[in-house]
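Peer 1: Please find one structure pasted underneath; my questions will follow.
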Amino acid sequence: MNRRLFRRNPVDSYVQHTSDMSEHEVNTERVEVESRGVNHTEGGWPKDVNPQEVEQTIRFRKKVEKDENYVNTITHLGTLMEHCVKQNNAINIYEEYFGEEEMAEVEDEPPSAKTINVIRDPNVTKRTATHLSWHPDTCKKLAVAYSSLEFQQNTKDMSFDSYIWDLENPNKPELVLKPSSPLVSLEYNPKDSHVLVGGCYNGQMAYWDTRKGGLPVEVSTVEVSHRDPVYGAIWLQSKTGTECFSASTDGQVLWWDIRKLSEPTETLVLDITRKGLLENALGAVALEFEPTMPTKFMVGTEQGIVIACNRKAKTPPEKITSTYSGHHGPVYALARNPFYPKIFLTVGDWTARIWSEENKESSIMWTKYHLSYLTDGCWSTVRPSVFFTTRSDGTLDVWDFLFKQNNPSLSLKVCDEPLSSLRLQDNGCVVGCGSKLGTVTLLEISSGLCTLQRNEKTLASAMFERETKREKILEARHRELRLKERARSESQEMEVEESPCEVLDRARREFFEVIEAELQRRVQAETQHVHGKVKDHTGEAGAAAQGEESQLPKDKEEEEEEKDAALEGDAEQSPVPPARGYPCETRLRRRGRGYQRRPCSSAKRLVKGQP
């Protein structure tokens, strides 16, 4: 069967093949909006304007409101503040969303550090990296002062240059600073990051503006500068931001204004005898200044003594307020605790010591004695109980005395040559260590050492107070013992200092007192003996009168009487016969100071039957 197919015209048809959709509604939580205000505290006034004085504030407002910049600034800030005010009215910006949750515990990872960069002195003759200074705004730049502190090893071809390094490109310095003498200290201006001040090896002061190149803008003259290397140069807090001061081993502290380096604005001689004599001054090798204490500063000396000074004292002797002595050698580092300014750290000889301003005689804490010298040290900028020290054997020590007091929490061998300088970034995580051969090693500290721990400030404050109180008690006890010893020594000295004549008179007086006492004793004994003898002889005389024979005891006096009798016998044979009559009963004879009766010789003859 044949079928014929016929082509039809195209036909469009619509067929629904989509899946069925169901409607779904979600009810979100209702947002409650409430109006809130922002607390405003009066502030921002200049120092010469007292906000409590209405007249001064009105006068200052009128002066400022006339300025065109003020009007333009207010107009520009108005739109920004309007947005913030509307946002604050809608959302509580001070609301704590996670206040109920507990603070995440920091993992107990062991302290560690890793090297992130190494910067080397580009010169053939290597020099010591004597000082480091971080850029105040961005911690990506580091200024390094290079100098050879060993005078006899300085060579003619040794470079005087110091450098500013960009950490993102450490192979080549960003700027070469060209001083007239090698730099021993170098510091960024905290108010103007383009300006740096440096202290030279020959004692001169110089400052640079990085926008003007590597040559110094101005250098102090040799006649008015230090006589020895400038080991410390620090910027002061001033309105102009151009004032600084310096210290050197010549025993002087000089104040400068970089706008006029022709002469120092002020001078202080570090003579602790307060006589102001330069020949008695102590050489300064470390300088400390805390911006929160604008009138106070401290100096570490070559003799191991820390001198606390007050710049605003009336007379130069009064500017030296107190001294602290605790090191056997130079104080290479001196720094106040950023959280407790009354606590400061000193590094010298083989130890690092923590001091309190209240204890002048001894430190409140100290490290053990190391086998190698300590060369530098500083506090952590984020943790009050952590500080760093460097040693001459190339080791960096990180101490956390809340965790461990006898040994450092982290001890890291940085290099084989001695470490000479140390500087910590403001974030407290990166530390730079300069060595004797000019190598600067940048280390990143683990989070445990650069993260503030729970209750750390309270615990550190309690430890400082406890140790300060303990040292006060010990100092009082030692002072009492010293006073007793001094009194004892003074009494002995008075005895020793007695003149020979006084000694002779005293000996003569004592001798005669002894003699007089002995004579009195003998007189008493003889008196008693004489009374006994008198009684005995009286009884013997009575017995002789009655014709009884008795034998008298012989003593020396009786022997003498016998001798007298013999003489009388001889006299009887003489032509003149002795008178015959009744014999005398007794004869008085002297005995000592008294008299006693003795039978005469004729009485003795009658008794014995003699004619």
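Peer 1: Return the sequence-ordered ³J(HN,Hα) values of segment 211-219 in whole Hz as given by the Karplus equation 6.51 cos²θ - 1.76 cosθ + 1.60 applied to θ = phi - 60°, using x for Gly and Pro.
Peer 2: 6, 10, x, x, 7, x, 6, 8, 10
Peer 1: Same structure, new question: Hey, what's the Cα Rg ratio for segment 153-193 versus the globular rule of thumb, 2.2 N^0.38 Å?
Peer 2: It is 1.40.
Peer 1: Let's test the formula: R0 of 60 Å, r as the Cβ-Cβ distance of Lys212 and Asp505. What FRET efficiency results, to the nearest 0.05?
Peer 2: E between Lys212 and Asp505, to the nearest 0.05, is 0.10.
Peer 1: Can you give me the three principal axis dimensions of segment 372-423 from its C-alpha atoms, in Å, biggest first?
Peer 2: 30, 21, 15
Peer 1: Oh, and also: If you wrap a convex hull around the Cα atoms of segment 365-458, how much volume per residue is inside, in Å³?
Peer 2: Per residue, the Cα convex hull of segment 365-458 comes to 85 Å³.
Peer 1: Within 10 Å of each candidate Cβ there may be at most 15 other Cβ atoms; applying that plus a DSSP loop requirement, which trypsin sites (Lys or Arg not before Pro) in segment 41-92 survive?
Peer 2: Counting only loop positions with at most 15 other Cβ atoms within 10 Å, the trypsin sites (Lys or Arg not before Pro) in segment 41-92 are Lys47, Lys66.
Peer 1: FRET efficiency for Asn455 and Gln405, Cβ-Cβ distance as r, R0 = 22 Å, nearest 0.05?
Peer 2: Efficiency computed from Cβ-Cβ geometry: 0.75.
Peer 1: Residues with beta-carbon under 14 Å from that of Leu419, excluding Leu419: net charge, scoring Lys, Arg +1 and Asp, Glu -1?
Peer 2: -1
Peer 1: Right, here's the next one. R0 = 60 Å: FRET efficiency of Arg30 with Leu481, Cβ-based, nearest 0.05?
Peer 2: Result of the calculation: an efficiency of 0.15.
Peer 1: With θ set to phi - 60°, apply the Karplus curve 6.51 cos²θ - 1.76 cosθ + 1.60 along segment 189-203 and write out the HN-Hα couplings as whole Hz, x wherever there is a Gly or Pro.
Peer 2: So the Karplus estimates, Gly and Pro as x, are 7, x, 8, 9, 6, 7, 10, 10, 10, x, x, 8, 5, 8, x Hz.
Peer 1: Let me know the shape class of segment 257-319, please: from the alpha-carbon gyration tensor, a ≥ b ≥ c as square roots of the eigenvalues, rounded when a/c is under 1.5, otherwise prolate if a/b is greater than b/c, or oblate.
Peer 2: Rounded, because the longest to shortest axis ratio a/c is under 1.5.
Peer 1: Can I ask one more? Would you kindly derive the ³J(HN,Hα) couplings of segment 422-428 from the backbone phi angles with the Karplus curve 6.51 cos²θ - 1.76 cosθ + 1.60 (θ = phi - 60°), listing them in order in whole Hz, with x for Gly and Pro?
Peer 2: Using θ = phi - 60°, the values come out as 8, 8, 10, 5, 5, 6, x Hz.
Peer 1: Going 7 Å from the Cα of Lys178 in the Cα-to-Cβ direction, what parts of segment 202-233 have a backbone nitrogen less than 18 Å from that spot?
Peer 2: What the label zone holds, given the 18 Å backbone N cut-off, is 206-220.
Peer 1: Taking one equal scatterer on every alpha-carbon of segment 335-381, how large is log10 of I(q)/I(0) by Debye at q = 0.13 1/Å?
Peer 2: Evaluating at q = 0.13 Å⁻¹ gives log10 I(q)/I(0) of -0.29.
Peer 1: Out of segment 346-381, which chymotrypsin sites (Phe, Trp or Tyr not before Pro) are coil in DSSP terms and have no more than 14 other C-beta atoms within 10 Å?
Peer 2: When the chymotrypsin sites (Phe, Trp or Tyr not before Pro) of segment 346-381 are filtered for loop state and at most 14 Cβ neighbours within 10 Å, Tyr369 remain.
Peer 1: If you keep only loop residues by DSSP, which trypsin sites (Lys or Arg not before Pro) in segment 267-324 have at most 15 other Cβ atoms within 10 Å of their Cβ?
Peer 2: Arg274, Lys275, Lys312, Lys314
Peer 1: Would you kindly state how much longer the chain becomes between Thr221 and Lys342 on full extension, computed as 0.36 nm times their sequence separation minus their alpha carbon distance, in nm to one decimal?
Peer 2: So the chain would gain 39.9 nm between Thr221 and Lys342.
Quick note: the coordinates plus some simple rules give every number you see, no bench work behind them. Model, not experiment: these values are computed from the prediction. Every residue, glycine among them, receives a Cβ derived from its backbone with ideal geometry; neighbour counts consider all protein chains shown.
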